Amino acid sequence: MKKNVGTIDKVVRILAAILITVLYFTDIITGTVGIVFVVLAAVFAITSLISFCPLYAIFGLSTCPVKNPA
């Protein structure tokens with residue numbers, strides 16, 4: 001698994017996961033939609049922690065900085 005999630009992308013994903021979790025536990029988003037969002041938040045958190053997003057890999061995207069060979 002080659003890393004394809006950059007630092008800014010990680011921060012945005014973690015912040016989104018935290019926001020969704022807070023909204024869910026304060027009953028602002030509830031029901032089926034709330035559960036779907038919590039699952040999405042978990043995916044955001046996991047992909048940011050392992051620095052790999054399967055959807056990015058499928059579409060050939062990467063937000064990691066390009067390393068120039070010396």
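Here is how the numbers come out for the structure above:
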quantity: Candidates Thr30, Thr21, Thr47: whichever shows maximal mean-square fluctuation once the chain is modelled as a Gaussian network with Cα springs under 10 Å; calculated: Thr30
quantity: Built amide H within the under 5 Å cut-off of Thr63, gap 5+; calculated: Val5, Gly6
quantity: Gain upon complete extension [Leu19, Ala42; 0.36 nm per residue less C-alpha separation]; calculated: 7.1 nm
quantity: Under Karplus coefficients 6.51, -1.76 and 1.60, residue-wise ³J(HN,Hα) of region 49-60 in Hz, glycine/proline x; calculated: 6, 9, 6, 9, 10, x, 5, 4, 5, 4, 8, x
quantity: Spin-label pair Phe52/Thr7, simplified geometry with 7 Å Cα→Cβ offset, distance in nm; calculated: 2.3 nm
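The numbers here are math on the coordinates, done by the rules we state, and not lab data. Please read these numbers as outputs of a predicted model, since none were measured by experiment. Don't worry about glycine lacking a Cβ; one is built from the backbone with ideal geometry, like all the others, and counts go over all protein chains shown.
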